[in-house]
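A short worksheet on the structure shown next.
Read-outs: derived from the displayed coordinates by stated rules, not from any lab. As the structure is a computational prediction, the values presented were derived from the model and not from experiment. Cβ coordinates were reconstructed from backbone atoms using ideal geometry, including for glycine residues, and neighbour counts include every protein chain displayed.
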Amino acid sequence: MMLKPRSTAQAAGPTDADLIERIAAQDQTAIEVLFARYQVRVFRFIQRRVRSEAIAEELVNEVFLEVWRSAARFEGRSSLSSWMLSIAHNKAVSLLRKRRESELDDDAAGAIADDADTPEVTAQKTDKGAQLRACMDRLSDDHRAIIDLVYYHEMSIAEVAEVVGIPENTVKTRMFYARKKLSEFLKEAGVDRGWP
């Protein structure tokens, strides 16, 4: 008797479409598999936006709770990862908006010591990865999100537009200015070559 080989999809486990369908039917195992598959990616995306691991962890839980609640409404017009990153983006933006509304007053902010590296110390650091991350942190939230989605999450312009909720031409414009600004920051930091 010959056994049929398992298909690649079966060998790799359930597809995202299978998982979201099972989650819509309230299958707890499916949300656990989805969490294991995407938790790190969603965490890194949020952490780059909010710049706090603890807050990012909380927001990751909120994202997957939202996926659990909204799975039946997922229409499949985009990839599941794009949909989840869109939820993550909205939660991060909402949190950042709330943060801005409750910022310290000018006197309290002025009393906080600035312990950031001077430009000379930053330029002396040899780890280009650390320099790149420091330069990325100097970008605006909007520009950093675009760079993050395109280069770290390898999304297309169309997918980024969907995640962030802006037109594709706006994504392209932000990408242009983000790369230009990042190149300037890298040059200031003493990195010979701007954007790779």
> Relative to a virtual label point 7 Å from the Cα of Asp141 in the Cα→beta-carbon direction, which members of segment 59-100 show backbone nitrogen distances below 14 Å?
Replying inline: 88-100
> How far apart, in nm, are two points set 7 Å out from the Cα along the Cα-to-Cβ line at Glu32 and at Lys180?
Replying inline: 5.1
> What distance in nm separates the simple spin-label points at Lys98 and Val191, each placed 7 Å from Cα in the Cβ direction?
Replying inline: 3.3
> Ordered by packing density, taken as the mean number of other Cβ atoms within 10 Å over each peptide's residues, highest first, how do 55-62, 21-28 rank?
Replying inline: 55-62, 21-28
> Can you give the extra length, in nm with one decimal, that the chain gains between Ser79 and Val40 once fully stretched, where that is 0.36 nm per residue apart less the Cα-Cα distance?
Replying inline: 12.3 nm
>> Spelling out what I want: for every residue of segment 181-191, take phi, set θ = phi - 60°, compute 6.51 cos²θ - 1.76 cosθ + 1.60 (Karplus), and round to whole Hz; glycine and proline get x.
In response: 5, 4, 4, 4, 4, 5, 5, 4, 7, x, 7
> For the peptides 178-189, 83-94, what is the packing order when you average, over each peptide's residues, the other Cβ atoms within 10 Å and list the highest mean first?
Replying inline: 83-94, 178-189
> Can you run phi through the Karplus equation (6.51, -1.76, 1.60; θ = phi - 60°) for segment 13-24 and list ³J(HN,Hα) in whole Hz, with x for Gly and Pro?
Replying inline: x, x, 6, 4, 4, 4, 4, 5, 5, 5, 5, 4
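Counting other C-beta atoms within 10 Å, which of Arg100, Arg44 has the fewest, and how do the rest follow?
Arg100, Arg44
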>> Explain nothing, just compute: Karplus ³J(HN,Hα) = 6.51 cos²θ - 1.76 cosθ + 1.60, θ = phi - 60°, for every residue of segment 68-78 in order, whole Hz, x for Gly and Pro.
In response: 4, 6, 9, 4, 5, 8, 5, 9, x, 6, 10
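Net charge near Glu66: determine it from the other residues with C-beta under 14 Å of the C-beta of Glu66, scoring Lys and Arg +1 and Asp and Glu -1.
+1
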